[in-house]
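What follows is a set of notes on a single structure, which appears directly below.
The values are calculated or read from the model by the stated rules, or taken from the named source; none is laboratory data. Fair warning: this is a prediction, and the values are worked out from it, not measured in the lab. No Cβ is skipped: glycine too gets one built from the backbone with ideal geometry, and neighbour counts run over all protein chains shown. Protein only, heavy atoms only, side chains kept; ligands, DNA and RNA dropped before computing areas. Shrake-Rupley method; radii C 1.70, N 1.55, O 1.52, S 1.80 Å.
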Amino acid sequence: MTGLYYALMVALALGAYFLVRARAAALANGQTLHSRPNYHGLLAAAQVILPMILIHFAGSVLAARFVEQQALAAMDPALLTDELRRGAAFREIREFAIGRGAANATQALQAGAAMYAYLSALTNWAVLGLGLAVGIAMALFSLRSISSEFRARNRFERVVRYLLMACATVAVITTIGIVFSVLFETFRFFQKVSPIDFLFGTHWSPQTAIRADQVGSSGSFGMVPLLVGTLLISTIAILVAGPIGLFAAIYMAEYASPKFRAWAKPILEILAGIPTVVLGFFAALTVAPMIREVGTALGLGVASESALAAGLVMGIMIVPFVSSLSDDVITAVPQSLRDGSYGMGATRSETITKVVLPAALPGIVSAFMLAISRAVGETMIVVMAAGLAANLSFNPLDAVTTFTVQIKTILVGDQEFDSAKTLAAFALGFVLFFFTLTLNVIALAIVRKYREQYD
Amino acid sequence: MSFASPMIQEPASVPEPAVAAKVAARHVNVHYGEKHALKDVSVDIPARAVTSFIGPSGCGKSTFLRCINRMNDTIPICRVTGEITIDGKDIYDPRLDVVLLRARVGMVFQKPNPFPKSIYENVAYGPRLHGMAKNKTELDEIVVNSLKRASLFEEVKDRLNDPGTGLSGGQQQRLCIARAIAVSPEVILMDEPCSALDPIATAKIEELIDELRSNFTIVIVTHSMQQAARVSQRTAFFHLGSLVEEGSTEQIFTNPKDKRTQDYITGRFG
Ligand SMILES: Nc1ncnc2c1ncn2[C@@H]1O[C@H](COP(=O)(O)OP(=O)(O)OP(=O)(O)O)[C@@H](O)[C@H]1O
Ligand SMILES: [Mg+2]
């Protein structure tokens, strides 16, 4: 039905476009038009499409409401006491109506299904009819408003502007919505667990009882072990990625021939495109055993899952972020500064360390910040290589866990959405969000300062 | 460095060694890839005097200037042939250390390019590189002296630790001159040092060049005929990659031998 509706809409819009354009062109033969015929056509098409889309959306939503109400009216009201039951009953009706229901259907269910089938067909046709009527009316209206003074161009520009504005609004509102829903759930979590316990507690085991007599039923929600785990892994990652990325960037920007640069840079950027799950099993199956072997040979006790393995591989993952951004800022340092330094008798490496890097430093710092926030937000590699154990440990050879991993662990599987355990995921998400946001703001501030240096 | 294939050239282009030459160029050719940018240039540049290079845009003035401290080495596609000597020593000798050469031949660029460091650090940059000061006191002395000789000291003495990029354009250019003379070079090359400056700042720099003449050999590229006439003792006129005429500034401006020089000076082309 939806397919038919939009096919008709497109046909109508195309028809309106060509017809109106032709009419306007014919009119243009005799006199000068304010807007070129093309704009008359575009405006007509927009005037057909936009109301029809609106009608389809609003109509579908209203119709669905109406149909559900009417279908449920056939059922026993005693069974429809709350929202969940109503939903379940309606699902049953719908299943039955499309022929997937149980054979032993009750009288009421059959009646509801019949009502559902009848009404949904009816409302569908009603929406289609209304949409078509409005579309045709708009097309005719467009046809009638053609005149030499008609400002079709200006109107069409306005339509475009509102469309763009709508898209921007959707993006912004979605962001705000996500932030607020996380914030809201975080508050609900803090009603069950005190913020002090959450922020400063050193024990993380988010089990809550499903049955009161269950063993180990007391959950404890101290996020410190997760914070330490996150910081530990991110630190290892940046210790790997920082030097490698920066030195690679210096080589590419200052030493490499243009030819080498032309193929090396894309390859480095491919590294950024490797799915992290692939890097994750690389970490778990190759790097972690290797570290354990080396550790055992040295007489160290190494867990089979370790922060070191995850950190190393995550470091490799963020190398392209550091190198690509640093390469850009190093290249952006004006050639005149390098010339000035060479002209003083500085060698290439003196010029790089004394002039180019200090000039590019703010940009490099912000590249590091972005790489760190990427590392902090990474989940897959840690899940696979560092384990799930919430140990409070600063030892890189231990298994640790991070914010992201715990969020994922908490939310996988069947959940009650009002237990402290589930809500803890939102609180962790909020902390994580706050963390990366801070890093990004710092990075942006540094970049902005950097821009002011050369005008 | 080998000589370029001998080209048929008017004998006038090889100067008779009448003046005591600090820098001497013989049959210098420069190619940027396929482009022949400088064609068989031979010229003598006298010590403790200002020599100006004039000529229409794109005629190779900057290219030649950059040959004198081998800045062209930093351009991969650039190829230089011929011979350039300073005090009789070939500067393109492979055994010569280009870092030491550039310490002896300083350069000031068209656009002021102070490093994004403090005023003090800008001037101290060269002395630090070449280990010219044994301690902080000596370094301070070099910095202050250089700023004084570049007649900038009075204006910045209270803010030596402020960034050099925060100065005005004219001050920045004098800072660059101070930076260049801090390593006590023998030759200073200036590529249109005043083209980004207003008349007052320009007058200051010209005055400065005139003072520096007693200690340094100065080569200046300029688009201003008046500037060449005011500050230089010798003038060389380039056209389409060739050195057309070279002589005392007075002679070039009052009695040019070549028709092209005369046309350029009187503003008939350029
Ligand atoms: N890096 C380069 N790569 C290729 N060609 C160059 C390069 N630098 C200069 N050239 C060419 O060499 C010729 C001489 O250039 P040069 O910069 O020496 O001219 P100029 O006399 O200094 O001009 P202007 O007065 O405009 O500064 C020009 O034709 C220019 O296009
Ligand atoms: Mg030039």
Distance (nanometres) between label positions extended 7 Å along Cα→Cβ at A:Leu444 and A:Ile274: 3.2
Cα-centre dipole for the protein assembly as shown with unit charges at Cβ (Lys and Arg positive, Asp and Glu negative), debye to 20: 1500
Residue-level accessible surface for A:Arg85, protein heavy atoms, 1.4 Å, Å²: 130
Debye equation applied to the C-alpha atoms of the range A:1-58, log10 I(q)/I(0) at 0.25 Å⁻¹: -0.90
Net charge dipole size for chain B [Lys, Arg +1 and Asp, Glu -1 on Cβ; Debye, nearest 20]: 340
Dipole-positive endmost among B:Leu101, B:Gln233, B:Ile77 within chain B (Cβ charges, Cα centre): B:Ile77
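Please state the equivalent ellipsoid semi-axes for the range A:126-278: what are the square roots of 5 times the Cα gyration tensor eigenvalues, largest first, in whole Å?
52, 38, 15
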Neighbour cut-off at most 15 other Cβ (10 Å), DSSP loop, chymotrypsin sites (Phe, Trp or Tyr not before Pro), the range B:163-270: B:Phe269
Dipole magnitude of the range A:2-150, debye to nearest 20 (Cβ charges: Lys/Arg +1, Asp/Glu -1, about Cα centre): 480
Residue mean of other protein chain beta carbons inside 10 Å, B:112-118: 6
C-alpha center-to-center spacing [the range A:346-416, the range A:282-317] in angstrom: 16
Most positive-pole-ward Cα, A:Leu397, A:Ile446, B:Gly131, against dipole of the protein assembly as shown from beta carbon charges: A:Ile446
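Identify the GluC sites (Glu not before Pro) of the range A:80-176 meeting these criteria: DSSP loop state and at most 15 other C-beta atoms within 10 Å of the C-beta.
Listed in order of number, the matching sites are A:Glu149.
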Amide proton proximity set for B:Ala49, modelled H, under 5 Å, gap of 5+: B:Ile218
Kirkwood hydrodynamic radius (C-alpha pairs) into Stokes-Einstein, the protein assembly as shown, 4 °C and 1.567 mPa s, D in µm²/s: 38
Relative compactness, the range B:130-182, computed as alpha-carbon Rg over 2.2 N^0.38 Å: 1.10
Computed Rg/Rh of the range A:335-455, alpha carbon atoms with Kirkwood Rh: 1.21
Residue-level accessible surface for B:Met107, protein heavy atoms, 1.4 Å, Å²: 10
Hz values of 3J(HN,Hα) by residue in the range A:380-392 - Karplus curve (6.51, -1.76, 1.60), Gly and Pro given as x: 4, 4, 5, 3, 7, 10, 10, x, 10, 6, 8, 7, 8
Alpha-carbon centroid distance for the pair the range A:117-185 / the range B:115-134, whole angstrom: 65
In degrees, nearest ten, helix B:199-212 long axis to first principal axis of chain B (Cα): 80
Dipole of the range A:2-150, positive end: most advanced residue of A:Ala117, A:Val134, A:Asn38 [Cβ charges, Cα centre]: A:Asn38
C-alpha long axis of helix B:119-129 to longest principal axis of chain B, angle in °: 70
Separation of the A:Glu83 and B:Glu155 label points, Cα + 7 Å toward Cβ, nm: 7.2
Rg to Rh, two decimals, where the range A:220-454 supplies the alpha carbon set and Rh follows Kirkwood: 1.05
P(r) weight above 32 Å for chain B, C-alpha pairs, percent: 23
A:Val61 accessible area, assembled protein chains, probe 1.4 Å, Å²: 90
Convex hull of the range A:39-100 built on C-alpha atoms - directionally averaged projected area, nm²: 5.9
Exposed chymotrypsin sites (Phe, Trp or Tyr not before Pro) absent - longest run of chain A, DSSP non-H/G/I/E/B, at most 16 other C-beta within 10 Å: A:1-393
Extension gain from A:Phe141 to A:Ala7, taking 0.36 nm per residue of separation minus the Cα-Cα distance: 46.1 nm
Binned Cα-Cα distances of the range A:1-140, short to long, each 10 Å bin given as a whole percent: 12, 29, 21, 16, 11, 7, 3, 0
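Using alpha carbon coordinates only, what is the Rg to Rh ratio of the range B:151-257, with Rh defined as the Kirkwood radius?
1.02
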